[in-house]
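> Questions regarding the structure given below will be posed in turn.
The values are calculated or read from the model by the stated rules, or taken from the named source; none is laboratory data. Quick caveat, the model's predicted, so the values are computed rather than measured. Cβ placement follows ideal geometry from the backbone for every residue including glycine, while neighbour counts extend to all protein chains displayed. All accessible areas refer to the heavy atoms of the entire protein, side chains included, with ligands and DNA or RNA removed. Shrake-Rupley method; radii C 1.70, N 1.55, O 1.52, S 1.80 Å.
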Amino acid sequence: MIFNKEAKLYDVEVERVQGENVMYVNYLNAPFVPSIADSPAIMSRTVSALLDNSNVSRIIFVQQRNYNYNSEQVLFLNEIASMYNYLLKQDQLLSAEKLSVYGNVSEVYADINYFLTLLIQDPISCYSELRKRINELREQREGGQVINKSGLVNYSRLLEKIFNLLENTNLIKKAKEYLSSYSFGDRGIYKNIFRPDILPNFTFTRLVAQFPSDGELVDQYELNHEEDAITVTILKRENDPKYFYHVMPPEYSINEEQHMLLNLARGVLTEHRPKAEQFTDSERTRQVFFNVSRDLLLELSRSKGINLNYRELNRLARILVRHTIGFGLIEILLMDINLQDIVLNAPIAQSSVFVRHQKYDECVTNIIPSYEDADSWAAKLRLQSGRPLDEANPVLDTDLVFDRARARVSAITQPLSPDGLAYAIRRHRDQPWTLPLFIREKMINSFGAGLLSFMIDGSRTLLIAGTRSSGKTSLLGSLMLEIMPKFRTIVIEDTLELPTDALRKVGYDILRMKVRSALVKGTTEIEASEGIRTSLRLGDSALIVGEVRSEEAKALYEAMRVGALANVVAGTIHGDSPYGVFDRVVNDLNVPATSFKATDLILIANPIKTADGLHAKKRVTGLTEVRKHWNKDPLEEGGFVDLLKYNVDKDELEPSDELINGESEIIKSIAGSVKGWAGNWDVVYDNILLRAKVKQEIVEIAKKLKREDILEYQFNVLSNTAFHRISDKVREEVGLPISDRVFPEWKNWWLLKMIK
C-alpha cells in the first residue's frame, strides 16, 4: 500500500489479498517512529481502528520503513477492541440507567470513563488499576461506614466483571510473566509483546529482526558479498525439530536518510524498467542498472544534503538493484553456499521461507515473503525465460543466475496451486562438483570414482537415477569433467543447470542446447526430442541430457544406439532402482523394452536416512550394468548385474563379486577394443584401481595442504589431462599404462605443479 499525496496522517486503509485482510495506517509525515509499545496514543488509535475492522489479520504502519504487526499481535489488540466495544455498546456502561444503580452518578461516570480510556491506551495499567480499585472498595465495605452499601456492592461487582474479562484476554495472560516488577505507566512490558517486523518501504517482504525468545544459539557465520558482511545465525528452538535460520540483510540496518534515498530512487527507476529482450543477458542488465542506480543515488544524496561515502553508495546501489530488477531477499539466501533448497509455500504471505541447509537440514527462516514481491518475481521469471506462467500453464521451470549464484526455479500458480504462487528454488554450487569433492563428502568412495572414470573413458551409455534432491544433476556434472576436453560435448537441457560455462572456461569444446520443458506448450522453443535428434546431425560428440522426463526418451535411445559406438551418452532420470528406471522408461515413457538395452549402466543415488529420521545423507547406492541377453524383463532374466553395492552398516560402496571376478560384460567390451587389455583382467582392474588412487590422492593432498582449490574443477581438469598424458607416455614406453609407473609420475607432476 502506497498512500497518495492527498492522504492524511493516521488515515487507515484495509486491503484484502488472497484471503488476508491487512490494515495500513499512514504515518508518512509523522515526526516520530510509530510504535504501539512506546505510545499510549498510537495503541489507542490502533484499537479504535480495529473497532470498525475486526477481521484484520495484520497491521502495517507506513513510513520510510514500514512496521508490520503480525496476526498474533493483532489478535491481542482485537480482543481489547472487542471488550471495549462490548462494554460501551452492548453493556452500555455509561448509560444513565446503568449508572443509577451504582450510587454517585457523576463520580462513577468519571471512574468508568477513566478505565475505558485506559483500557485502549494501556490495558496492563488498566488491569493493575482495576485490581487496586476493587481492593479499595472492599476495604470501604468492610469498614462499615458506607452510605449506599448496595450501590457500592453493585459497583464492586461491575469492576470485578471488567477485571475478569480483561484477565482472560491473551494480552494479559502474556503479560503476567512480567508483572512482578511492574509499576503504573511502565510500557516496558509491551516491548516484549509488540515487536513489529521492519519492512523497508521499497519491499513488502517482512523480516523478523528479533531472535526467537526460546532460541538457543547453535552457529553463526557471515556471507561476504562485495563489501557487505551479512550475518547468518542458526538457532534451535524448544519443541521444534527444525532449526531457525536468521539472516540480517543490509537493507534492514540502514538509517532513515538512506531509506528515504532508496525510496526516491526506486520511484525513478520503476519508470524505466528493462525491456523483455534485456533479460536474455541478465548479467549485463544488472551491471547497467547498478551503474545507473549509483549515479542516481549520488545525485539524490547531493540534492538532499546527505553525505554518502563510496562504500555506502555501492551498498545502496546493490540494494536498489536487488529490489527493482532483482529478486529481493531471495538473492540474499542464494548467496549462502550452505543452502541447497529454498521453498516459498502458498499462501505466500502467511508462512516463512523454508530452506534446506547442508549441515542443519530443514530450517525455517525469519523471512516472510509478500504477495506483491511474489507477483513481481513471477513476472521477471516469465520475461527471463520466455515461458508462460498462467492458468493455462500453471508450472514454470527456469534457471536463475546472478553474480556467482546459480539456481533452478520451479514456480506454480492457480489452478494447480489453489492458494496462489509458490516457489521451489534449487541452489547450485558456485563451482561444479567433482569426483574428489564427492569422495570427501562420502557421496562416493575412491574406488567408485575410479570405476566411473574408467566407464566414461570407455564411451558408455549411462543413466543417473535417484529421487528428488539425491544429487543426480551434480553427479552428472562431475562426470562431464571426466570426459577428455579434446572431445566435443553437446548438452541438452530444458532448464539450464549443468556447468557448461565452467567447462568452457577450462577449454572444453562444448555446445549447450535449450529445449522446451515437457510441462510447457505454445512457446518458440523446440521440443526436447527434436533437440536430441538435431544433436546427431552436429557431428561426433558426447551427448549429455539434463533430465529425461517425457517423450524425448525415445529420441535419447536413438542417440544411445548411435552414441554407444562413438562417445559417452548420459542423462538423469527419476527412479530409485535399476528396475524402477526400466519401469519408468518402458512403461511410462513408452520406449520399447528392446531399446532399453542401449543403456549400459545405471548409477543410483539416494538419500540415506538416519535411524532417528531427522537427518539424511546423500550417497551413491549402486552401479548396475544392463546386459543384452534378456527379452522381456531384465530383472527376471538376469539382465541387471550389480558392479557396486552400498553397505549401509559400513556407509561404503563395495565392489560386487561379479566385478572382482572380472565378469562384467561392459568392462570386457571396453577392454576388447584396447591393445593389451583384451583378455587381461588384471591389467584392466589395475587401471580402475589406478584411477581410484589418483582421486583419493587429490583428496588427501587437499586435506594435508589445507587447499580447498585442489578439489575444484580447475585442478580436476588439469589432473585428468596430466593423467592421460602420463598414461600415454608410459604405454609407449612399456606397452601398458601400468599403475606402478603412472602413479609416481603423476605425483611428480602435482608436486611440480604445487611448486609453481
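> Based on the Cβ-Cβ distance from Asp361 to Gln90, what FRET efficiency comes out when R0 is 56 Å, to the nearest 0.05?
Given R0 = 56 Å and the Cβ-Cβ separation, E is 0.60.
> Still on this structure, I have one more. Pull out the extension gain between Asn168 and Glu257, defined as 0.36 nm times the separation in residues minus the alpha carbon to alpha carbon distance; nm, one decimal.
So the chain would gain 27.7 nm between Asn168 and Glu257.
> Same structure again: What FRET efficiency would be calculated for the residue pair Glu441, Val218, taking the C-beta separation as r and a Förster radius of 25 Å, to the nearest 0.05?
The computed FRET efficiency comes out at 0.75.
> Roughly what % of DSSP beta bridges within the chain run antiparallel, to the nearest 5? Spell out each step's value before the answer.
Details: 76 of 108 bridges.
Bridges in the chain are about 70 percent antiparallel.
> So which GluC sites (Glu not before Pro) in the stretch 1-79 end up in coil per DSSP with only 11 or fewer other C-beta atoms within 10 Å?
Loop-located and lightly packed - Glu6.
> In terms of modelled amide H atoms, which long-range or inter-chain residues lie less than 5 Å from the amide H of Leu496?
Those lying under 5 Å, H to H, from Leu496 are Asp399.
> Another question, then. Any lysines with Cα under 26 Å of the Lys236 Cα? List them, leaving off those in the same chain fewer than 8 positions away.
Qualifying lysines at Cα under 26 Å: Lys173, Lys174, Lys176, Lys191, Lys359, Lys609, Lys617, Lys618.
> Can you work out the accessible area per residue across the stretch 1-129, with the rest of the protein chains kept in place, probe 1.4 Å, in square angstrom? Working shown, then result.
Details: 5800 Å² over 129 residues.
Averaged over the residues of the stretch 1-129, the accessible area is 45 Å².
> Please go through the stretch 348-410 and write out the trypsin sites (Lys or Arg not before Pro) that DSSP classes as loop and that have at most 12 other C-beta atoms within 10 Å.
In loop regions of the stretch 348-410 (DSSP not H, G, I, E or B), the sparsely surrounded trypsin sites (Lys or Arg not before Pro) are Lys359, Arg404.
> Taking the Cα centre of the chain as the origin, how large is its charge dipole in debye, to the nearest 20, when only Lys and Arg (+1) and Asp and Glu (-1) carry charge on their Cβ atoms? Working shown, then result.
Numbers: 94 positive and 103 negative charges, 211 e Å.
Dipole of the chain, to the nearest 20 debye: 1020 debye.
> Also, quick follow-up: What is the stretch 335-409 by shape, rounded, prolate or oblate, if you read a ≥ b ≥ c off the alpha carbon gyration tensor as root eigenvalues and call it rounded for a/c under 1.5, prolate for a/b larger than b/c, and oblate otherwise?
Oblate, since a/c reaches 1.5 and b/c is not below a/b.
> Quick one: which residues, 5 or more positions from Arg516 or on another chain, have an amide H under 5 Å from its amide H? H modelled 1.01 Å from N in the peptide plane, none for Pro or chain starts.
Long-range HN contacts for Arg516: Ile526, Glu527, Ala528.
> OK, next. Round to a whole number: what % of the accessible area of the chain belongs to carbon and sulfur, probe 1.4 Å?
48
> Quick query: amide H of Arg237 versus all other amide H atoms, modeled in the peptide plane; which residues come in under 5 Å with a sequence gap of 5 or more or a different chain?
Glu216, Phe244
> Rounded to the nearest 500, what is the chain's calculated 222 nm mean residue ellipticity when only DSSP H runs of at least 4 contribute -39500 (n - 2.57) each, over all residues?
-12500 deg cm²/dmol
> If the cut-off is a Cα-Cα distance under 21 Å, which lysines reach Lys693, setting aside same-chain residues fewer than 8 apart in sequence?
Within the straight-line cut-off, Lys693 pairs with Lys442, Lys645, Lys650, Lys703, Lys704, Lys706, Lys729, Lys747, Lys753.
> May I pose another question? Once you have the Cα-Cα distance between Arg725 and Lys176, take 0.36 nm times their residue separation minus that, and quote the gain in nm to one decimal.
190.0 nm
> Next question, about the same structure. Take Glu139 and Lys747, extend 7 Å from each Cα along the Cα→Cβ direction, and tell me the distance between the two endpoints in nm.
In this crude label model, Glu139 to Lys747 measures out at 9.3 nm.
> So, one more: Kindly state, to the nearest 0.05, the FRET efficiency for Leu705 paired with Asp501, given R0 = 30 Å and r defined as their beta-carbon distance. Spell out each step's value before the answer.
Numbers: r = 28 Å, r/R0 = 0.93.
The value I calculate is 0.60.
> Quote to one decimal, in nm, the extra length available between Asn154 and Ser82 on full extension: 0.36 nm per residue of separation minus the C-alpha distance between them.
Gain in length upon complete extension: 23.6 nm.
> Oh, and also: Does the stretch 82-127 come out rounded, prolate or oblate by the C-alpha gyration tensor, with a ≥ b ≥ c the root eigenvalues, rounded set by a/c under 1.5 and, if not, prolate when a/b is larger than b/c and oblate if not? Present the calculation step by step, with values, prior to reporting the outcome.
Details: a/c = 3.06, a/b = 1.46, b/c = 2.09.
It is oblate, given that a/c is not under 1.5 and a/b is not larger than b/c.
> Residue-wise, which Karplus ³J(HN,Hα) couplings in Hz belong to the stretch 64-75, taking 6.51 cos²θ - 1.76 cosθ + 1.60, θ = phi - 60°, and x for glycine or proline?
Going residue by residue, I get 4, 10, 8, 10, 9, 9, 7, 5, 5, 5, 5, 4 Hz, with x marking Gly and Pro.
> Just to check I understand the Karplus step: with θ = phi - 60° and J = 6.51 cos²θ - 1.76 cosθ + 1.60, what whole-Hz values come out for the stretch 640-647, glycine and proline as x?
Result, rounded to whole Hz: 9, 10, 6, 9, 10, 9, 8, 9.
> At what distance in nm do the modelled label points of Glu6 and Asn661 sit from each other, each positioned 7 Å from its Cα along Cα→Cβ?
Here the answer is 9.0 nm between the modelled labels.
> At 7 Å along Cα-to-Cβ for each site, give me the label-to-label distance between Val288 and Lys617 in nm.
4.9
> Please say if the stretch 409-540 is rounded, prolate or oblate, where rounded means a/c under 1.5 for a ≥ b ≥ c the square roots of the C-alpha gyration tensor eigenvalues, and otherwise the choice is prolate for a/b larger than b/c and oblate otherwise? Write down the numbers at each step before the final one.
Values: a/c = 2.22, a/b = 1.34, b/c = 1.66.
Because a/c hits 1.5 or more and a/b fails to exceed b/c, the stretch 409-540 counts as oblate.
> Going by Cα centres, the stretch 679-756 and the stretch 187-240 are how many Å apart?
48
> Can you work out the Karplus-derived ³J(HN,Hα) for every residue in the stretch 81-86? Use 6.51 cos²θ - 1.76 cosθ + 1.60 with θ = phi - 60°, whole Hz, and x for glycine or proline.
In residue order, the calculated couplings are 4, 5, 5, 4, 4, 5 Hz.
> Could you state the number of Å between the C-alpha centres of the stretch 377-396 and the stretch 62-101?
Cα centres, the stretch 62-101 to the stretch 377-396: 45 Å.
> For the stretch 160-245, what does the accessible surface come to per residue with a 1.4 Å probe? Please give it in Å². Provide the component values of the computation, followed by the final result.
Values: 4300 Å² over 86 residues.
Result: 50 Å² of accessible area for each residue.
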